[in-house]
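Data first, discussion second: the structure below is written as structure tokens.
The values are calculated or read from the model by the stated rules, or taken from the named source; none is laboratory data. Because the structure is predicted, anything quoted here is derived from the model rather than measured. Cβ coordinates were reconstructed from backbone atoms using ideal geometry, including for glycine residues, and neighbour counts include every protein chain displayed. Protein only, heavy atoms only, side chains kept; ligands, DNA and RNA dropped before computing areas. Shrake-Rupley method; radii C 1.70, N 1.55, O 1.52, S 1.80 Å.
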Amino acid sequence: MTIREIKELLNAEVCCCENPDVDILSACGSDMMSDVLAYVKHQAVLLTGLVNAQVIRTAEMMDMRCIVFVRSKKPTADMLDLACSCGIAVLSTTKRMYEACGILYAGGLKGNGEINE
Amino acid sequence: MSDALSFHYDVDGESFSSAGQASAGVKKNLRQLGIDPEIIRKVSIAMYEGEINMVIHAGGGEADITVEDNCIVIVLTDRGPGIADIDKAMEEGYSTARDNIRALGFGAGMGLPNMKRYTDEMNISSVVGEGTTITMKVFF
């Protein structure tokens, strides 16, 4: 699923995105960054309601391609600068975490655990 | 004379938002050396968890990364409170972090287990009241 498709499915606002055609292979929804660091792989998108610089850093360390802030959360300008410099796309959706994850899953994007196994 | 390349970073303990800068720097340096992306990923994640731990628990510290012939060695040193029970600290879910740290997305008791998960060797040396040194190796 491309970042463009994620944006459309979630009716999301694009905060920064260099290449909307980047392919995303899996997804992870969490507000605990250590859980993300423990389990995520494979060109993933991170869905989170947590807003701080460590969300971007976590995605950077994991080589993630996209972050979606749920519940209308918006990243700060500093966070966006960091994301852009790392080539990470940032979206924001009004949908809640459960809804957003469900929509992407129903759209064919697998959970990270399923891909690992 | 050794061919090993070394990088040294001071980890600022004052600012949570700037935590991760050292790990990002290491990641960039290792990329420039053309090291396998999966190795870089493991080193970056392990070091990032360590860096966050140093900021949360120890008021900062130092990180030394050495690229050896067959592995990358990460040494994290702090002069924080030390770890009283290392076996307990290695259990997933065990944490002494306060609620304000959990609200920031960390302190779930996954830091040290994650560092072990992503490295091939890990050694913790800690003295309560004096500090902690963690040495990790990721082999090529």
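Among the residues of segment A:97-109, the ones that are open to solvent by less than 50 Å² (accessible area, probe 1.4 Å) and outside any helix (DSSP H, G or I) come to 2 in all.
Please enumerate the residues belonging to segment B:121-135 that are among the aliphatic types (A, V, I, L, M), open to solvent by 20 Å² or more (accessible area, probe 1.4 Å) and under 16 Å from B:MET90 (Cβ atoms). Please lay out each step first, then the result.
Start the filter on segment B:121-135 by keeping residues that are among the aliphatic types (A, V, I, L, M), which leaves B:122, B:124, B:127-128, B:134.
Filter once more, so that each one left must be open to solvent by 20 Å² or more (accessible area, probe 1.4 Å): B:122, B:124, B:127-128.
B:MET122, B:ILE124 - these are the residues of segment B:121-135 that are among the aliphatic types (A, V, I, L, M), open to solvent by 20 Å² or more (accessible area, probe 1.4 Å) and under 16 Å from B:MET90 (Cβ atoms).
You will find that of A:THR94, A:THR48, A:THR58, the residue that is of a type in the set (Val, Ile, Thr) and surrounded by fewer than 16 Cβ atoms within 10 Å (Cβ to Cβ) is A:THR94 and no other.
Can you find a residue in segment A:41-49 that is in a strand (DSSP E or B), under 21 Å from B:LYS27 (Cα atoms) and modelled with pLDDT of 95 or more? Spell out the reasoning first.
Narrowing segment A:41-49 to residues in a strand (DSSP E or B): A:44-48.
Going one step further and asking which of them are under 21 Å from B:LYS27 (Cα atoms), we end up with A:44-46.
Now narrow it down to the ones that are modelled with pLDDT of 95 or more: A:45-46.
Yes - at least one qualifying residue is present in segment A:41-49.
Scanning segment B:98-120 for residues that are part of a loop (DSSP other than H, G, I, E, B) and buried (at least 17 other Cβ atoms within 10 Å of the Cβ) returns B:LEU104, B:GLY105, B:PHE106, B:GLY107, B:ALA108, B:GLY109, B:MET110, B:THR119.
State whether the residues of segment B:75-96 include one that is open to solvent by less than 20 Å² (accessible area, probe 1.4 Å) and either among the hydroxyl-bearing types (Ser, Thr, Tyr) or within 10 Å of chain A (Cβ to nearest Cβ) (or both). Looking for residues that are open to solvent by less than 20 Å² (accessible area, probe 1.4 Å) and either among the hydroxyl-bearing types (Ser, Thr, Tyr) or within 10 Å of chain A (Cβ to nearest Cβ) (or both), one finds none in segment B:75-96, hence no. Can you pull out the residues in segment B:22-38 that are crowded, with 18+ Cβ neighbours inside 10 Å and free of Cβ contacts under 8 Å to residues at least 24 places away in the same chain? The answer is B:ALA24, B:LYS27. Residues that are open to solvent by 50 Å² or more (accessible area, probe 1.4 Å), part of a helix (DSSP H, G or I) and facing chain B (nearest Cβ under 10 Å) were ranked within segment A:1-40; the one that is farthest from A:GLU114 (Cα to Cα) is A:ASP35.
Given B:VAL73, B:VAL138, B:VAL43, which one is in a helix (DSSP H, G or I), in contact (Cβ under 8 Å) with a residue 40 or more places away in the chain and in contact with a strand residue (DSSP E or B) (Cβ under 9 Å, 6 or more places away or on another chain)? Give the steps one after another, and end with the answer.
Values: B:VAL73 fails: in a helix (DSSP H, G or I); B:VAL138 fails: in a helix (DSSP H, G or I).
Matching residue, one of B:VAL73, B:VAL138, B:VAL43: B:VAL43.
Inspect segment B:7-25 for any residue being of a type outside the set (S, T, N, Q), assigned to a helix (DSSP H, G or I) and within 10 Å of another protein chain (Cβ to nearest Cβ) and give the result as yes or no. Yes.
I need the full set of residues from segment A:1-58 which are of a type in the set (A, V, I, L, M, F, W, C) and free of Cβ contacts under 8 Å to residues at least 24 places away in the same chain, in order please. If the condition is that a residue be of a type in the set (A, V, I, L, M, F, W, C) and free of Cβ contacts under 8 Å to residues at least 24 places away in the same chain, then A:MET32, A:ALA38, A:LEU46, A:LEU50 are the ones that fit.
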